[in-house]
Each structure stands twice: as structure tokens, then as C-alpha cells.
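Laboratory data are not the source of any read-out in this text; all were calculated from the coordinates shown. Keep in mind that this is a model prediction, so the values were computed, not measured. Please note: Cβ atoms are built from the backbone with ideal geometry, for glycine as well, and neighbour counts cover all protein chains shown.
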Amino acid sequence: MTTLNAGAAPAPVYERSAGFWSGVLKKLARDPVAIGAAAVLLALVLIALFAPLITPHDPYQTSLLKRLRPIGFENFLLGTDELGRDLLSRLMLGARLSLFMGIVPVLIAFVLGSAIGILAGYAGGLANTLIMRTIDVLYAFPSVLLAIALSGALGAGIGNALLSLTIVFIPPIARVAESVTTQVRGRDFVEAARASGAGAFTIVRVHVLGNVLGPIFVYATSLIAVSMILASGLSFLGLGVRPPEPEWGLMLNTLRTAIYTQPWVAALPGVMIFITSISFNLLSDSLRSAMDVKN
Amino acid sequence: MSIGMSVEHIGADIHGDRGGPAQPLLSVRGLVKHFDLKKGFLETLTGGGKVVRAVDGVDFEVLKGETLGVVGESGCGKSTTARLLMHLIDPSAGEIVFDGETVGSAALPLREYRRQVQMVFQDSYSSLNPRLTIQDSIAFGPQVHGVPRREAITRARDLLARVGLEPRRFAERWPHELSGGQRQRVNIARALASEPRLVILDEAVSALDKSVEAQVLNLLMDLKDEFGLTYLFISHDLHVVRYISDRVMVMYLGKVAETGPAEALFDDPLHPYTRALLSSMPSMDPDRRTEEAPLAGDPPNPIDPPPGCRFHTRCPFAEPVCAERVPALEERAGRQAACLIHEADAGHSRNPTAIYAA
């Protein structure tokens, strides 16, 4: 038989086609909804990053004389809160904690939940049953209730709120990870990889991860909005961020007494939560359809 | 030849042959696979519950350098046998001996066996990772066995050329950019990448359209000569099996019904099931058309197979004895058939008359 040797021929030029992710980016770039949502999120991130430099007023500066002023009062563009602090400045600075509480728990849960789900999905059989039924116990609690219960048990504070939100998001992500992994595991290319003598770790690294992380990631991005709302809820209940730190959920809470006197000002933190979460949702929707190879 | 040799050298010698040409490359004895039906809680406790007898005691040999065709209806255990041979599923019982060494023994660990035996699947799309380029898919196997990446990629490009795909055009392409025939060529290249001695082709050409199928079949035959391969060719297409096979094995309901050289088996089938199967094969020659009615209905349920000969429920020559006695796979002049008609002392009224004497 002829040997399959490395020939010493001059390096030929290989036709290369675009990779999967560049294809996804191309499709996203053609989707006006995705561009809009991404622009809003980018703006929010920039505002959060540079908040101390661009706030028109000191967000912690109270004034008993200028409490609950309406939108456009003097040079307070969005009015003032119940302690006379500039609402625009506080919303800008609040974007930091709110985005942080939205993204970080989901990110950690994405890593841990994917690991658990992929392990269960690839192992199958009894291991799968044990892992997934345990996850189901956590999943059986309504997420709001679980977050409140965990936060309450751990005590108030940002760190504990972060931890409890992470625990809340691990089960749904693990379930999605398990189901996509189970699907991929049944495909012939995984069988072929096993038939070539590869070990489980190599197969997961080369053949499973690339095919499951995308769908899990899309699902996780849709949880960022939920995480922000839950974090706001925890702050609202006094379990997350403590005053006077600005955070949208907490601001919504402290401003609720002003709902009759200054309804527009009181609603603004809620509007910010809404804009952010809907942007994340729209972006993850677009990502989902862009990643669908059949389109 | 030791099995511990380095992978780079395997291609250069005669494939690490151990037992000489007379020793079968693959020898399967009493291979059994029973799948548990989904059990209820109580049945799990009591250990009861029924099983699907997908493969129920199969013996056969694959000789060195031959193509063994495996035919049978859907659900007869062809593909389960392939997966068992590949150790993708664990057999319930039985032994697989590869060139004189039991698979999984110290002399032939599973990992080494899996380098020497490769498989091509029916679904050309599902068997390629959509996130890997063609060359990465082909290079994966050799890399698992310790070939450095650069060398594995070079080998992958060489193999692409061998299976008729210009490496410059295809090496860095993605599976979804290829046609079904091209993808199946890639799968064949992938199977050959780790320089196997036996290639299991599980309905490898069945999903291709006829013109492409013919090209791929011819490619397979060329590659077999070029690389000195042995094929186990599973198909439901009798014409294709006749074209490519040296010997044919007919399976029915998890058991071997008949084996024999392709021409002899197609010209003069011994087992009534083989006859029925062949009569369902459209013939180009009006003189060869048969009056026999093709098989009606589906095979019986493998959960509860009929007693005695499994074919007796559909067999035109069935007699009471067929429901009582399990026919043995008896050897007769290089051919084997599991039918009571051919068993001398079985008491079947047709033995040893017309069919065999003719």
C-alpha cells in the first residue's frame, strides 16, 4: 500500500469558507432588531462604565428643598427622588449594579449549569437520572420564591443576592444543556468518534461542546433579563443592594411612595429595567434565529 | 507483529497481519444483544420485564480481503450487529475475535481494535460534525491515536484526493456545503484515516441517488484493492449486495438464516427466506422471473419471537416440526443454512428431496 506521507510539495492555496460564527455575525448584522437591541445595550454598558465621569450631578447629594421635582425641573433633566438626589445621575450609576446583577449570576450559572447538564447528558443512564432529578428538586420551586428564600437565609447583601441568583439559574440552564447534549450524543458523528477510539473527555471537547454551547448560550442570554428583574425584586425587598447605593430595583422601591405625587419620576427606574430586559430578549431571539443553520 | 507498533508504520507493512491469510479476520461466536424494554418500577424490583431480542445468537466469520454482504429486512438485526462489532453497544453475550485475538483482551485492547476497525454510517450528514471542517473531521481519528496534528491534516488531505475530492477545494469546507455523495466520500476518507483493516459499511450507499451510489460503490471497490481492506457491507439493496459482495449473509429476526458465496447464494438459495427475499428482487430477465409470491406482512415481533424456526410463520414450506425444533446453522459445501429441510434427521417431509438434490 502506498504511504500517506507528508509530501514536500509547495504549500497549495486552500479554499476556505467562512466559519460558523462569522456567518452568524453576518446574519445578525442584517437584522435591524438585533442592531437596535445591541446598540441600546452597548449604550447602557458605556454609560455604566463611565458613569462617574458623565453624571450631571452628584448621585449621592441630597437636598431637602428639592425633593420629588418633576421631569425637566431646573437643570435636573429627569427630576429628583424622595431625598432630592438627581434621578438621571442615579439611573446612570445604577446601571452598573443592575447590569452586574443581571449578567454575573447568569454567567456563573451558564458555566456551572452547562457543565452539569453536559455531564448528565453525555453520561446518560443512571448518572443522568440522579443528576437531573436532583436538579429538578431545585427547579420545582418558583424562581422568585427560591431567590427570596435563599437570599433571606443567607442574609442581605450583594454577594448573597448574587449567590442565590446563581443557584436559581443553574437548574434551568442545566436542563437545557442536558437536553441538547442528549440530542447531540445520539448523532452519528459522536458514534463515529467513539468508534475511532476517542475517550469521553476528548469527544465532549471536540464534538459536543461546539454543538451545544451555542443553544445554551442563547437560552442563558434570555435569562439576563429575568436575573435583572429578580435582583431588582430582591433589592426591593431589602435583600440585595442596600441604600444609598443606586440600583434600579431599589430605586423603584424607595420611589413607590411618590407614585401619586410624581408618577413619571417614580416609574423611571422601572422603565430602565424594561428597556434593558427587552433589549436582551430581542438580541437573544435574533441570535437564536441567526444560529439556525436551516435559514 | 506486535500490536504496540507506532501508528505511523502501520500503513507501510501488510496491515499488521497476525494469523496469515487463512485465519478469518473477524470471527463472531454466539453474539447476543437483548435490549430491555422500558421497565416499570415493579419490574425493576422483581428483575422481570421483557427484552427485545435484536440479535439472538449470531455466528459468522469475515475472511481476510473479502467483502461480506449482510442482507435482511428492516429490524432483522443488521445494524445492531454492526454496532456490536464496533463495540458502540455492549453485547449481552458472545465473543468477537479479531485476527485470532479476543477483542478487549490484553493482546487486543478495545482502543487498538477501534483503530483497526472503522465504520461508515448511512446518514452522511449526521455522521459529520457540523462545527468541524472536513479535514478536521478526517484528522480527528489519527490524532486520537497520537498522530501529530500537522501530519494528521496532511494525511486527511491525501485521503480526500484518494476519495475523489480535490483537497484544495474541499479540505477547509463545512459539511453542509457538500452534497450527499461528497459527504459520504468524506465519511469514507474519515474511516480510512486511521488505516483500518476492516471497514463496516452500514447502509453506506443507501441514502445516495442511484448514479452517485454507483460512483461510491466503485470508489469503495478501488479503495479496497488499494488499501488491502476487508469490508462488512450491510444493505437492504440486494442488487448492490450482489454487485459488491464475495460472500453474503442473510439475517432474519436476529439470527443468521443463510451464508454462502454471493453467486451461489443468489443463483440457488438454500433457505426459504432467502428464496422469498430474492423473489422480491426485480429482475431484468423475463426468464428469471419467479412465480413465488414475495413475503407478505412484517416479520414477527422480536420481543416474542416464534418458537422453533423463526421463519415458520411466513414460510411456504412450514410443517409442524418447524414450530418445535430450532434449526442449526449447518455447513454444506462452503454454504450454511439454518433450515430443517436441510437437516437430515429433522423429519421435514421435503428433506432430502427436490430442493437440495437439484
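Points worth noting:
- Normalised alpha carbon radius of gyration of chain B [divisor 2.2 N^0.38 Å]: 1.06
- For B:Y252, residues with placed amide H under 5 Å, excluding near neighbours: B:A257
- In order along segment A:31-47, the Karplus-derived 3J(HN,Hα) couplings, from 6.51 cos²θ - 1.76 cosθ + 1.60 at θ = phi - 60°, round to 9, x, 4, 4, 5, x, 4, 5, 4, 4, 5, 4, 4, 4, 5, 4, 4 Hz, and Gly and Pro are given as x.
- Taken as Cα centroids, segment A:101-157 and segment B:233-264 sit 52 Å apart, rounded to the nearest whole angstrom.
- Where only C-alpha atoms are counted, convex hull volume of segment A:184-283 per residue in Å³: 129 Å³
- Placing +1 on each Lys and Arg Cβ and -1 on each Asp and Glu Cβ, with no other charges, gives segment A:32-291 a dipole about its Cα centre of roughly 180 debye.
- Under 12 Å of direct C-alpha separation, and excluding same-chain neighbours fewer than eight residues apart, B:K33 reaches these aspartates and glutamates: B:D56, B:D90, B:E95.
- In the frame of its principal axes, the protein assembly as shown has Cα extents of 117, 68, 52 Å, reported largest first.
- Per residue of B:121-129, other chain Cβ atoms within 10 Å of the residue Cβ number 5 on average.
- Peptide B:85-95 is shielded by partner chain Cβ atoms: per residue, an average of 1 of them sit within 10 Å of its Cβ.
- Between B:R18 and A:I278, the C-beta separation translates, for a Förster distance of 45 Å, into a calculated FRET efficiency of about 0.10.
- Working from Cα pairs under 8 Å separated by at least six residues, relative contact order for chain A is 24 percent.
- Among the residues of A:182-194, the average count of other protein chain beta-carbon atoms within 10 Å of the residue beta-carbon is 6.
- Using a Förster distance of 25 Å, the FRET efficiency for B:N301-B:E324 (Cβ separation, nearest 0.05): 0.80
- Summary value for chain B: 18 percent relative contact order, contacts being C-alpha pairs under 8 angstrom separated by 6+ residues.
- Gyration tensor (Cα) of segment A:164-205, equivalent ellipsoid semi-axes in angstrom: 28, 11, 4
- Placing unit charges on the Cβ atoms only, positive for Lys and Arg and negative for Asp and Glu, gives the protein assembly as shown a dipole magnitude near 2300 debye about its Cα centre.
- Here's the picture: charge each Lys and Arg Cβ at +1 and each Asp and Glu Cβ at -1 in the protein assembly as shown, and of B:P130, A:I273, A:V180 the one pushed furthest to the positive end of that dipole is A:I273.
- A Cβ-based charge dipole, computed about the Cα centre of segment A:53-126 with Lys and Arg at +1 and Asp and Glu at -1, lands at about 40 debye.
- Taking only the C-alpha atoms of segment A:32-291, Rg followed by Dmax gives 21.7, 77 Å.
- Extending 7 Å from Cα along the Cβ direction at A:W21 and again at A:L237 yields two label points whose distance is 3.8 nm.
- Working from label points 7 Å from Cα in the Cα-to-Cβ sense, the A:R30 to B:Y243 distance is 4.0 nm.
- Options A:G240, A:I54, A:L87, ranked by Cα towards positive dipole end of segment A:32-291, top entry (Cβ charges): A:G240
- Per-residue ³J(HN,Hα) for segment B:213-223, Karplus 6.51 cos²θ - 1.76 cosθ + 1.60, θ = phi - 60°, Hz, x for Gly and Pro: 4, 5, 4, 5, 4, 5, 4, 4, 5, 5, 5
- Range in chain A, longest, excluding exposed GluC sites (Glu not before Pro) [loop by DSSP; at most 15 other beta-carbon atoms within 10 Å]: A:75-295
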